[in-house]
Structures are given as C-alpha cells and as structure tokens.
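Where a number appears in this text, it was derived from the coordinates with a stated rule and is not lab data. Worth saying up front: this structure is predicted, and the values here are computed from it rather than measured. Every residue, glycine as well, gets a Cβ built from its backbone with ideal geometry; the counts of neighbours run over all protein chains shown.
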Amino acid sequence: MKSRHLFTAASFAAVALLLSSVSFAATKAQIDERVHVAMQQFYQLNPAHRELVGRAKGVLVFPRITKGGVGVGGQFGEGALRIDGKNVAYYSITSASVGLTLGLAEHKEVILFMTQEVLDKFTTSHGWSIGADTGVAVLEKGAGGAYDTKTLQRPILGFVFGEKGLIGDISLDGSKVNKLDR
C-alpha cells in the first residue's frame, strides 16, 4: 500500500513539474530567438533541410518540447509558424497520456507544410491534431538521416531532433496544436 501512495505522489509530482512550464509562458521575443536557434540547428543536421524549407509553404517550429511523467504523462511546448522566413503566428503543443510513461525529456520539432492546401487547413483549424492527418510523414533519428522521394511526396513532413533526457516515447501522434495570443 505504501508503494502505491509513493507511485501516486510521484505521478502527481511529475505532472505538476511538467505543467508548471505552462505557467512560465515564453514571451514573443523569447520564442523568436529559440525558433531562430532551432532552425540553425535543423539546417546543420542535413544540408538538404534548407532546400525542403525553401519549398515548404509554411514551417511550424517548436524549439523546446518538454515531455515527462510517471505513469501519467504529458508534454508542452511553444513555437512559431514561419512563412517566407518570418514568424507570423505563435502556437503551443500539448498532449497527455496514461500508461507506461516514465522519465523526463526535451526535444525539438519542425513541421513542414508542403502544400498551400494543408497550410490553409492548419491555419484555419481551431486546435489541430497531429496524427489525425494521415498525410504526415515523421522523420526521426535526429532528422539528419536521408529521406526517400516517396516520403518527400507527403504533404506534411515532421522532424523530431535534439532529444535530451530519458523517456521511452517520442512521437508526434496525439499532439494538439493551438494558436497562442502573442
């Protein structure tokens, strides 16, 4: 019984720690700087990324997503939508899970909207869910690996990179993206 209370307390502590990042929302200037740094790191991973970004109609960048939990888990991050190399809107990304989550980690995400149709669908949605759109191709392994022409034909390309910490699950599925008032 004592271990059950300890597990429950640890779960609540981990979720509280994660959710505390929500209360420390970044300013527009902080997000702008973090997005700039994340994009420079993204380009350093693979020279072909610059060409892909140049072809994209929009680029959604989350420079720091914190994910963690003990049994009950969640993630949170803030970022910006870039069009023609400029930040035009700000977004948050969140998700929650119950199950075999254990650990705390951070990573970066860059999501490329390759057609105007998918970019318009994203910008007009009220809470976009990643994974609900079957056209998303997720490229992991540091986003520095090679990708094939079939992958590049997808309308949305998602890159996960810069993983730090220890957690058993890095994926985009189930994440909810909402526009921020900045």
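For this structure, a couple of remarks:
- Sorting 78, 109 from the fewest to the most surrounding beta carbons within 10 angstrom yields 78, 109.
- Straight-distance candidates among the lysines for linking to residue 121, with alpha-carbon spacing under 22 Å and chain neighbours fewer than 8 residues away dropped: 57, 86, 176, 179.
- Amide H contacts under 5 Å for residue 137, placed H, 5+ residues apart: 156, 157, 158
- Footprinting exposure proxy for 107, 126 (fewest neighbouring C-beta atoms within 10 Å first): 126, 107
- Residue order for 117, 106, fewest other beta carbons within 10 angstrom first, comes to 117, 106.
- Once the Cα-Cα distance is subtracted from the 0.36 nm per residue extended length, the residue 166 to residue 152 segment shows a gain of 2.0 nm.
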